[in-house]
Structure formats: structure tokens, C-alpha cells
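*Asks:* One structure follows; several queries about it will come next.
The values are calculated or read from the model by the stated rules, or taken from the named source; none is laboratory data. All values derive from a computational prediction rather than experimental measurement. No Cβ is skipped: glycine too gets one built from the backbone with ideal geometry, and neighbour counts run over all protein chains shown. Accessible surface is based on the protein model in full, side chains and every heavy atom, while ligands, DNA and RNA are left aside. Shrake-Rupley method; radii C 1.70, N 1.55, O 1.52, S 1.80 Å.
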Amino acid sequence: MPSSASPERGPKRGPKCGPVALSCGDPGGVGPELAVAARAILGADVPFVWLGDPRHLPPGTRWTAVEDPTEALRLGPETLPVLEIPFPAPATPGVIDPANASGVIAAIERGVQLVQSGACSALTTAPIHKKALKDGAGFAHPGHTEFLAHLAGVQHVVMMLAAEAAHPPLRVVPVTIHIALAAVPKALTADLLEKTIRITHAALIRDFGIPAPRLAVAGLNPHAGEGGAMGHEEITLIAPLLERLRAEGLMLTGPLPADTMFHARARAGYDVALAMYHDQALIPVKTVDFDGGVNVTLGLPFIRTSPDHGTAADIAGQGIARPDSLVAALKMAHRMAQARG
């Protein structure tokens with residue numbers, strides 16, 4: 001069986017796609033400066049249009065206003081295409097200002113409208129500051145992903161973290177996400193695990209061009225429970241579900257001991273790993289590629305990627321923020337759009 005790094009398991013290049021919509025994120029964070037850096041690195045190879053207030057871009061930025069995102073396809077790489085969204089206030093790098101919360105939300109909503117209409121091929125989102133959105137605009141959603149699911153009218157979405165520059169690549173999906181470790185066993189249900197597996201399986205086919213995805217599923221407990229000596233979830237919940245789905249033709253291995261799943265030789269044997277809780281998934285990704293990891297939301301009716309870091313307000317405006325993750329997120333959004341065709 002070919003490894004996940006083999007060309008035949010990667011996305012096929014499809015027809016030319018529209019530009020990626022890049023929402024600005026919090027203007028007091030590193031989002032604006034990273035957008036400029038990403039444009040300089042990617043040039044015309046990954047066309048994107050920045051959604052935000054051009055007053056928030058670094059001084060001296062060359063930018064061009066566009067009304068139709070497709071205008072970005074005709075601009076040279078020396079200028080940043082900007083679809084202007086007026087914000088209530090100017091921004092100071094390093095200062096998170098709730099006064100701009102309504103503008104941040106408007107940029108996200110505009111990005112969703114653009115991908116839903118087909119004007120843009122995918123959405124990449126720069127990091128937001130959830131407390132600032134709550135304080136400034138009464139933001140009622142736990143986070144970015146939940147807000148996007150709400151806008152799309154979707155009940156259940158899946159978070160994937162991808163380090164595709166690693167050799168072999170690593171894609172990991174946490175089944176439970178931002179909850180306390182003590183709450184994981186109760187939250188981990190057969191229904192949740194099945195939904196996560198099915199959404200992940202479908203996305204690998206549609207968005208990553210992998211016709212027969214191989215999914216490796218971790219156990220919850222050390223040594224995958226060691227036959228019940230360290231827990232029974234593997235015996236009572238995970239293994240029976242995997243057996244039923246294998247009977248449908250899904251290529252599933254597990255439940256596997258998580259501590260032996262993420263070295264290079266193991267990664268060559270699957271296309272995605274499903275982990276049972278947050279740190280079980282994110283520690284290997286951040287270890288393998290701390291700067292270049294990408295957050296992908298699966299299960300939306302459109303493509304959404306995001307850099308795997310926060311607003312980084314503590315280093316905003318200092319010229320030291322690394323664009324690796326945003327560049328990787330834009331590249332992945334573009335490749336996924338080509339795979340969808």
C-alpha cells in the first residue's frame with residue numbers, strides 16, 4: 001500500500017480556481033502584517049484577496065482596492081488586493097481593541113458570503129480575539145469555528161490539524177476538543193466518534209483527492225487500554241464501532257496506542273489519525289511542525305483553513321512574526337479548492 005506521501009495519494013491539480021478570501025482577524029494582532037508577508041512569499045501562485053480595513057495594514061504597504069474578488073487574479077504580485085471593510089476605529093499593533101469587534105465579525109461574514117456565492121474558492125481566516133469580540137459586540141459563539149458553522153447552518157463540524165510539510169505528512173483530528181480532560185470519557189460517545197470518522201473520511205476524498213482514505217484511530221487510555229487493564233472504552237466503545245464501519249468498506253485501523261502512532265514510519269501507514277482528546281492530537285502536530293501547522297474545518301459546505309496560532313499581540317508590529325502557518329493555510333485552501341474542482 002503506498003504511503004501518504006506518495007503522489008497517487010495526494011490531491012490532483014484541478015481547474016484554475018478563484019481567489020482565496022482571507023479575513024483580517026483582529027487588527028491589533030499579527031494578522032495584517034502576516035497577510036502582507038504571505039503575499040510577498042506566494043505572489044500570484046496562490047491568489048487571495050484580503051478582507052479588512054486598509055488603515056490597519058503596516059505603513060508603506062502597497063495595496064489595491066477591489067470590488068470583485070476576481071480582480072485579484074489580474075493584479076501583479078507586488079500589490080495586496082483588498083476588499084475594503086470599514087472598521088469603527090484605527091488599530092495599534094499589540095493593542096486588542098473591542099471597539100473594532102463589529103468590523104472583525106463583518107470581515108468573517110463577508111468571507112463566508114464570498115465562498116458561498118462562488119466568488120471565492122475558499123476561506124482562510126486570520127486569528128481573532130474571542131474576549132474582544134464578546135466585550136465589543138456581544139459575540140455569543142465559543143469560537144471562530146462555531147461561528148462559521150452557525151453561518152453555514154451546520155450542526156457538526158470537525159477540526160483537523162495538518163502538518164503537510166512534514167515527511168511523511170501528518171493530519172490529526174481530535175474527536176473531543178476544548179474540554180477538560182476529566183470530561184472526555186463522558187463526552188466520547190459512539191455517535192460523536194462515528195460522525196467524526198464519516199466527516200473526516202468524506203473530506204479526505206473530496207478535498208484532499210485521496211480516493212480510499214486510511215484512518216488510524218487512537219485509543220483513549222494508555223496502551224489502548226491494554227486489554228481492559230487500563231480502561232474499557234476501547235473494548236466497549238471504540239473497537240465495536242470500528243468493526244461496524246470496516247464492514248461498510250472504510251479503511252480503519254485501531255484502536256491503537258497513541259504513543260506509537262506519530263513517528264515517521266507509523267505516519268506513512270495512514271492518511272489521517274483520529275485522537276480522542278485535544279492534547280493527544282495537538283502535541284504531535286506542534287512537535288512535528290510548530291511553525292507551519294494548519295487548522296482545517298471539515299464538514300462545512302465550503303473550504304476553511306486557518307493558521308494554527310493566535311493573535312500574538314505581544315509581538316505584533318515588531319517584524320518578527322513568522323508567516324509560515326498562514327502561508328501553509330493559504331496554500332492548503334488553494335489545493336483543496338483545486339481538488340474539489
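*Asks:* Computed over the Cα atoms, what is the radius of gyration of segment 139-198 divided by 2.2 N^0.38 Å, N being its residue count?
*Replies:* Numbers: Rg = 13.7 Å, N = 60, 2.2 N^0.38 = 10.4 Å.
Output field value: 1.31.
*Asks:* What number, rounded to the nearest 500 deg cm²/dmol, is the helix-based mean residue ellipticity at 222 nm of the chain, given -39500 (n - 2.57) per DSSP H run of at least four residues and division by all its residues? All intermediate terms of the calculation are to be shown ahead of the outcome.
*Replies:* Numbers: 10 runs with 110 residues, N = 341.
Taking each H run of at least 4 residues, the total per residue is -10000 deg cm²/dmol.
*Asks:* Size of the dipole of segment 62-176 about the Cα centre, Lys and Arg at +1 and Asp and Glu at -1 on the beta carbon, nothing else charged, in debye to 20? Please report the intermediate quantities before stating the final value.
*Replies:* Details: 7 positive and 10 negative charges, 63 e Å.
Computed about the Cα centre, the dipole is about 300 debye.
*Asks:* Largest first and in whole Å, give the semi-axes of segment 25-90's equivalent ellipsoid, each being the square root of 5 times a Cα gyration tensor eigenvalue.
*Replies:* Numbers: eigenvalues 70, 37, 17 Å².
Over the Cα atoms of segment 25-90, the semi-axes work out to 19, 14, 9 Å.
*Asks:* For Arg214, what residues show an amide H to amide H distance below 5 Å, using hydrogens built from the backbone and excluding near sequence neighbours?
*Replies:* Answer set, sorted by chain and number: Asp271, Val272.
*Asks:* Mind putting a number on the dipole of the chain about its Cα centre? Charges go on the C-beta only, +1 for Lys and Arg and -1 for Asp and Glu, and I need it in Debye to the nearest 20.
*Replies:* Numbers: 28 positive and 31 negative charges, 140 e Å.
Rounded to the nearest 20 debye, it is 680 debye.
*Asks:* I'd like the per residue volume of the convex hull spanned by the Cα atoms of segment 166-207, given in cubic angstrom.
*Replies:* 98
*Asks:* Could you state the principal axis extents of the C-alpha atoms in segment 162-302, from the largest down, to the nearest angstrom?
*Replies:* Principal axes ranked by extent give 38, 32, 28 Å for the Cα atoms.
*Asks:* Restricting things to alpha carbons, find the Rg to Rh ratio for the chain using the Kirkwood radius for Rh.
*Replies:* On the way: Rg = 20.2 Å, Rh = 20.6 Å.
Radius of gyration over Kirkwood radius for the chain works out to 0.98.
*Asks:* Between the alpha-carbon centers of segment 172-187 and segment 43-79, tell me the distance in whole angstrom.
*Replies:* 39
*Asks:* When ligands, DNA and RNA are left out and all protein chains stay put, how many square angstrom of accessible area per residue does segment 137-179 have with a 1.4 Å probe? Numbers along the way, then the final one.
*Replies:* Values: 1740 Å² over 43 residues.
That works out to 41 Å² for each residue.
*Asks:* Another question, if that's okay. Dipole of segment 192-271 (Lys/Arg Cβ +1, Asp/Glu Cβ -1, origin at the Cα centre): which of Gly228, Ala212, Ala268 lies farthest to the positive side?
*Replies:* Ala212
*Asks:* Once the dipole of the chain is set up with Lys and Arg at +1 and Asp and Glu at -1 on Cβ about the Cα centre, which of Ile96, Ile315, Ile303 lies farthest towards its positive end?
*Replies:* Among Ile96, Ile315, Ile303, the one farthest towards the positive end of the dipole of the chain is Ile303.
*Asks:* Then there's this: On a straight-distance basis, which aspartates and glutamates could pair with Lys131 in a cross-link, Cα separation under 13 angstrom, same-chain partners fewer than 8 positions away excluded?
*Replies:* Asp26, Asp97
*Asks:* How big is the Kirkwood radius of segment 80-216, worked out from every pair of different alpha carbons and given in Å to one decimal?
*Replies:* Values: mean 1/r = 0.0565 Å⁻¹.
For segment 80-216, inverting the mean 1/r across all distinct Cα pairs yields 17.7 Å.
*Asks:* Solvent-accessible area per residue for segment 197-341 at a 1.4 Å probe radius, Å²? Working shown, then result.
*Replies:* Numbers: 5730 Å² over 145 residues.
On a per-residue basis, 39 Å².
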